[in-house]
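Here the structure is laid out as structure tokens; the discussion comes afterwards.
The values are calculated or read from the model by the stated rules, or taken from the named source; none is laboratory data. Everything numeric here is computed off the predicted structure, so don't read it as measured data. Virtual Cβ from ideal backbone geometry, glycine too; neighbours counted across all protein chains shown. Note: areas computed on protein heavy atoms with side chains; ligands, DNA, RNA excluded. Shrake-Rupley method; radii C 1.70, N 1.55, O 1.52, S 1.80 Å.
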Amino acid sequence: MLDREKVWTGQINDATRDAAFDRMIGIYDTTLRDGEQTVGVALSPEAKLEIALALDRLGVDRIEAGFPRVSVDDYRAFELILDAGLAAEIWGFSRAVPADVDQLVELGLKGAVIEAPVSDGKLAAYGLDRDEVTGRVRAAVEHASENGIEVCFFGVDGSRADMGFLEDLYKAAVASGAKEIALVDTLGIAAPEAAAGLVRAARDWVGPDVPIHWHGHDDFGLATAGSIEAVRAGADWVQGTINGMGERAGNTDLAEFAIAIEAIYGAQTSLRLEHISEVAETVRRLSGYELAPWKPVTGHNLFIRESGAVAAQFHDPVAIEPYSSTLVGARRGLVLGKKSGLASIRIKAEELGLDVAEDQHAGLLDQVKATAIQNGGLVSDEEFAAMVGALGTDRGEDA
């Protein structure tokens, strides 16, 4: 639960508080399945276990450990994760295909998403018609339910589906034993308001007692906003990934969603966000990609300052940051570069234990700016220390 003493957003959001957010929102992580669909990512069973352990430290409610029928390695990853004794629920994923469901049963899973295409475009691509896919969904959901698996039915490309057919199919899935449903914006095309409208419609279809998930993608940069509006409309669970990884533009970034829904909107999640920087780095390292340094929540630059005007306020985090670095387990710091000021020189010298007279600050600042321009970037601590040394100053070990 978020420590609100470490959130410094002022009062601007108070007038727009909505009682729809006064509740706990479930976090369903699909990094190990939908996240692994990121181009070029191939996680070994051991890597998946390491990520699952990290997700468990983060406090994720449910971990979708993958799609076991994809490969022997994916099946093995399930075995490792199930044997790890995690606090999170371990869920599986399958198509509405008997052989897929059989593997879920064989693994002894207690919960699983079962998917089927629902838009006419997807059905045409697969050579299916509506009656055929409805029959497959009924059979798969019944088979899984009869074997003790709690099913969440997942309609692929639901945001582009015919609403009448979507209603009929979700009702058929629930009648066949599905305990939950997932509304799916596969191509990230739903406006946040449209996401809310779909959730409200689905609530009418399945009644008040069937939990609703929202699964959004970020092709238009609206995944977090769409997830928030889905929650406002009554969604109980939000599905997403660490770092927003996934196919094309990726999925809802769970860290972005969680901090926004808690700090800005007042809802609650299970995430222990003080672990998010470490978890994000673990997933990034094992997946082999880089993150934009300005990425919200987990970007490297969030609590690192170069600008001299900001450095002058560095002693007062509330003045220059919307929330504490400790809230997300990040490190604060100051770097030297073209945009540094006199305060930057003083702070960096104190940080490195260098004894620099105040009348030398301006000269050092000129050197820092010139070196930064020459480097085309930042000035390292070693370069700065060498500048100080060239002035004849001491390291200041006894200072």
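Scanning the range 1-59 for residues that are more than 24 Å from Val231 (Cα to Cα), of a type in the set (A, V, I, L, M) and in contact (Cβ under 8 Å) with a residue 24 or more places away in the chain gives Val39, Val41, Leu43, Ala47, Leu49, Ile51, Ala52, Leu53, Ala54. Which residue is modelled with the lowest pLDDT, if the candidates are limited to the range 1-44 and must be open to solvent by 30 Å² or more (accessible area, probe 1.4 Å), assigned to a loop (DSSP other than H, G, I, E, B) and hydrophobic (A, V, I, L, M, F, W, C)? My answer is Met1. Looking at the range 199-232, which of the residues that are open to solvent by 20 Å² or more (accessible area, probe 1.4 Å) and touching a residue at least 40 places away in the same chain (Cβ under 8 Å) is farthest from the chain's Cα centre (by Cα)? Across the range 199-232, the extreme among qualifying residues is Pro211.
With the requirement that a residue be over 16 Å from Val199 (Cβ atoms), part of a helix (DSSP H, G or I), in contact (Cβ under 8 Å) with a residue 24 or more places away in the chain and open to solvent by 30 Å² or more (accessible area, probe 1.4 Å), what does the range 135-159 give you? Residues satisfying the conditions are Arg136, Arg138, Ala139, Glu142, His143, Ser145, Glu146. One residue alone among Leu109, Leu104, Leu123 is part of a helix (DSSP H, G or I) and either within 23 Å of Val60 (Cβ to Cβ) or modelled with pLDDT under 95 (or both), and that residue is Leu104. In the range 320-349, the residues that are touching a residue at least 60 places away in the same chain (Cβ under 8 Å) and under 26 Å from Ala260 (Cα atoms) form Cβ pairs under 7 Å with partners that are of a type outside the set (Asp, Glu) and open to solvent by 40 Å² or more (accessible area, probe 1.4 Å), at six or more places apart or across chains, as follows: Glu321/Trp8; Pro322/Trp8; Pro322/Thr9; Tyr323/Lys6; Tyr323/Trp8; Ser324/Lys6; Thr326/Lys6; Leu327/Lys6. Taking the listed residues Gly35, Gly66, the one that is within 26 Å of Gly329 (Cα to Cα) and touching a helix residue (DSSP H, G or I) at 6+ places or on another chain (Cβ under 8 Å) is Gly35, with no other qualifying. In the range 275-305, the qualifying residues are those that are assigned to a loop (DSSP other than H, G, I, E, B) and free of Cβ contacts under 8 Å to residues at least 24 places away in the same chain, and the one that is least open to solvent (accessible area, probe 1.4 Å) is Gly299.
In this entry, Arg331 passes the filter for residues that are of a type in the set (D, E, K, R) and surrounded by fewer than 17 Cβ atoms within 10 Å (Cβ to Cβ). Do the conditions hold for Ala54, that is, is it modelled with pLDDT of 95 or more, open to solvent by less than 20 Å² (accessible area, probe 1.4 Å) and touching a helix residue (DSSP H, G or I) at 6+ places or on another chain (Cβ under 8 Å)? The answer is yes for Ala54. Scanning the range 45-87 for residues that are within 15 Å of Gly240 (Cα to Cα) and not in a helix (DSSP H, G or I) yields Gly59, Val60, Asp61, Arg62, Ile63, Glu64, Ala65, Gly66. In the range 259-274, the count of residues that are within 23 Å of Gly40 (Cβ to Cβ) and either under 13 Å from the mean Cα position of the chain (by Cα) or open to solvent by less than 20 Å² (accessible area, probe 1.4 Å) (or both) is zero.
Checked against the criterion of being crowded, with 20+ Cβ neighbours inside 10 Å, of a type in the set (Lys, Arg) and outside any loop (DSSP other than H, G, I, E, B), the range 340-352 has at least one qualifying residue. Selection of the range 365-376 for residues being surrounded by 14 or more Cβ atoms within 10 Å (Cβ to Cβ) and over 14 Å from Val335 (Cα atoms) yields only Gln367.
Check whether at least one residue in the range 93-100 is open to solvent by 70 Å² or more (accessible area, probe 1.4 Å) and more than 21 Å from Glu167 (Cα to Cα), and report yes or no.
Yes, the range 93-100 has at least one match.
Checking every residue in the range 377-385 against the condition of being open to solvent by less than 40 Å² (accessible area, probe 1.4 Å) and over 38 Å from the mean Cα position of the chain (by Cα) gives at least one match.
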